[in-house]
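We did not get these values from a lab; they are worked out from the coordinates using the rules stated. These numbers were taken from a predicted model, which means no experiment stands behind them. Here Cβ is always computed from backbone atoms with ideal geometry, including for glycine, and neighbour counts include all displayed protein chains.
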Amino acid sequence: MTDFTQYQGTAGALSAERNKVLRNTYWLLALCLLPTVLGAWIGVSTGITRNLGGIVGMVLFIGGMMAFQFAIYRFRNSGAGVAILMAFTFFMGLMLSRLLGVVLGMGNGTTLVMAAFASTAGVFFTMATLATVIKRDLSGMGRWLFAGMIAILIAAVVNIFIGSSAMMLALTALSTLVFSLYMLYDVKNIVDGGETNYIVAATQLFIDIFAVFQNLLALFGIMGGDD
């Protein structure tokens, strides 16, 4: 009986810790919206990223994202990690502003942005809910999602030189699916205790959410844009 009581106590403590990490992750994610919106607003207002297209824009985007992720991981156990995450989300907002400016320039641009935001929120809510109810171990999903992400990245680089609209549309749709599943995987990883650092967890989920929003915005702009 004593062993069973100790087991219950340990299980309860682990569950409480995981819930704390998940709660702190969601709070930090909400906070990340502020610098992201600020960066996007500055980018759209000034047009600073207007000419960052093609291979140059991709290299800057990926290089900056990797550098920030490295720094966040390096300082993940201190307040500096939160500050770097805020700077990272500001940078991502700037990078988003080029696409945002194009969509907002359409006749129904504001509606498309709101639709992309609402759809992204719906995807996140669905995946987060699924992550809390699915009992199956999803850890093996990570390598398949990573392989899919790399394949999409390589195809996107190739398409810069090919310039195929059909290929771009297909890659955008596929990327939306991959990062939607990444949301499920990353939340499930927190729920199962695989990720215990809420700064790292918030970074991973922010990237997932950002990618889904960016791709949905591009899809809505391509398919529903009103010149």
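222 nm [θ] for the chain, helices only, -39500 (n - 2.57) per DSSP H run of 4+, per residue, to 500?
-30500 deg cm²/dmol
Relative to the longest principal axis of the chain, what angle (0 to 90°, nearest 10) does the C-alpha long axis of helix 109-133 take?
20 degrees
Going by a ≥ b ≥ c, the root eigenvalues of the Cα gyration tensor, does the range 66-138 fall in the rounded group (a/c under 1.5), the prolate group (a/b larger than b/c) or the oblate group?
Since a/c reaches 1.5 but b/c is at least a/b, the shape of the range 66-138 is classed as oblate.
For the chain, with equal point scatterers placed on the C-alpha atoms only and solvent neglected, what are the log10 I(q)/I(0) values from the Debye formula at q = 0.12 1/Å, to two decimals?
Here the Debye-derived log intensity ratios amount to -0.69.
Could you point to the residue in 47, 212, 21 farthest towards the positive end of the chain's charge dipole, with +1 and -1 charges on the Cβ of Lys/Arg and Asp/Glu respectively?
Result: 21.
Please arrange 20, 188, 135 by counting, for each residue, the other beta carbons lying within 10 Å of its beta carbon, fewest first.
Final ranking by Cβ density, sparse to dense: 135, 20, 188.
Please determine, in degrees from 0 to 90 and to the nearest 10, the orientation of helix 79-104 with respect to the longest principal axis defined by the Cα atoms of the chain, where the helix direction is its Cα long axis.
30 degrees
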